[in-house]
Amino acid sequence: MKLIILGAGSRGRVYARYAKKYGAQILAVADTDKERLEKFAKLYDIPARGLYSTWEEALEGEKYAHGVINATPDRVHYASTMAALEKGYNVLLEKPMSPVEKECRDMVDRAEEKDLVLMVCHVLRYSPFFEKLKEIIDSGEIGNIVNFQLTENVIYWHFAHSYVRGIFRNEKISSPWILAKSCHDLDIITYLMGKRCNRVTSIG
């Protein structure tokens with residue numbers, strides 16, 4: 001499998017490392033930070049011709065990839081994912097898909113129209129702990145779940161560097177807290193319960 005990585009930040013590096021470990025070849029990477037781009041290239045043996053300063057250039061420049069790992073900022077997800085799908089690429093998309101419901105629906109519709117994989121990085125579903133919990137709940141051995149409480153504990157330094165000083169400090173450039181931090185929680189609750197959500201209330 002040959003991949004394009006959009007975004008060489010921490011998430012892009014994590015998925016690239018995993019992809020390489022399991023035999024994928026990383027053809028290209030795009031990031032606006034030149035230093036980060038060059039470090040990424042050294043880690044994954046990407047030649048200079050595979051380095052791009054924008055996601056648009058990467059999607060235009062690469063012709064032989066099978067898929068895209070989209071680890072761009074939240075507000076860039078929609079445009080970059082739609083462009084990748086138009087090019088015929090399967091896409092692994094970092095969460096949250098988008099802070100805009102219509103954009104989420106449009107991405108899913110386009111992937112289905114083109115018979116492509118669009119997968120969101122809700123990684124908790126695949127951890128042994130939650131897989132076992134899902135198995136126990138589905139078996140019915142503990143009865144029907146009538147109340148499910150999950151607390152998102154965020155330590156002070158994580159809050160400070162991400163949500164006060166970091167990219168998530170402002171909804172205009174990222175997503176609200178419930179999506180930026182808690183979409184894993186929302187997904188794992190829905191997954192474990194196996195039911196459709198009717199209403200979400202966020203209290204901070």
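The values are calculated or read from the model by the stated rules, or taken from the named source; none is laboratory data. In this text, all values refer to a predicted model and were calculated from it rather than measured experimentally. Please note: Cβ atoms are built from the backbone with ideal geometry, for glycine as well, and neighbour counts cover all protein chains shown. Protein only, heavy atoms only, side chains kept; ligands, DNA and RNA dropped before computing areas. Shrake-Rupley method; radii C 1.70, N 1.55, O 1.52, S 1.80 Å.
Would the chain count as rounded, prolate or oblate if I go by the C-alpha gyration tensor, calling it rounded below 1.5 in a/c and otherwise prolate when a/b exceeds b/c, oblate otherwise?
Working: a/c = 1.80, a/b = 1.54, b/c = 1.17.
Prolate, since a/c reaches 1.5 and a/b exceeds b/c.
Loop-located chymotrypsin sites (Phe, Trp or Tyr not before Pro) in the range 81-150 (DSSP state not H, G, I, E or B) with no more than 14 neighbouring Cβ atoms inside 10 Å: 148.
Over 22 Å between Cα atoms, which of 95/172; 172/195; 2/132; 21/134; 134/195 qualify? Violating the 22 Å Cα-Cα cut-off are 172/195; 2/132; 21/134. Could you compute the longest span of the chain free of trypsin sites (Lys or Arg not before Pro) located in DSSP loops and having at most 12 other Cβ atoms within 10 Å, not counting the site residues? Result for the longest clean stretch: 64-164.
DSSP loop (so not H, G, I, E, B), at most 15 other Cβ within 10 Å: list which chymotrypsin sites (Phe, Trp or Tyr not before Pro) in the range 1-85 pass both filters. It would help to have the intermediate numbers written out before the result.
Details: sites: 15, 18, 22, 40, 44, 52, 55, 64, 78; in loops: 22, 44, 64.
Listed in order of number, the matching sites are 22, 64.
Sorting 174, 127 by accessible area puts them as 127, 174; the probe is 1.4 Å, largest comes first, and only protein heavy atoms count. Mean sequence separation of contacting Cα pairs (under 8 Å, at least six apart), scaled by the length of the chain, corresponds to a relative contact order of 16 percent.
Sorting 82, 1, 193 by solvent-accessible area of protein heavy atoms yields 1, 193, 82, largest first, with a 1.4 Å probe. Counting other Cβ atoms within 10 Å of each Cβ, which GluC sites (Glu not before Pro) in the range 108-204 have at most 13 and sit in a DSSP loop? When the GluC sites (Glu not before Pro) of the range 108-204 are filtered for loop state and at most 13 Cβ neighbours within 10 Å, 141, 152 remain.
Can you give the angle from 0 to 90° between the axis of helix 77-86 and the longest principal axis of the chain, with both taken from C-alpha atoms, to the nearest 10? Relative to the chain, helix 77-86 is tipped by roughly 60 degrees. So how tilted is helix 101-113 from the main axis of the chain? Cα-based, degrees 0 to 90, rounded to 10. In the chain, helix 101-113 runs at an angle near 70 degrees to the longest axis. Among the protein heavy atoms, those of residue 158 account for about 50 Å² of accessible surface (1.4 Å probe, every chain in place). The angle between the Cα long axis of helix 34-43 and the main principal axis of the chain comes to about 90°, on a 0 to 90 degree scale. Across the range 111-167, Cα-Cα distances exceeding 13 Å account for 78% of all pairs.
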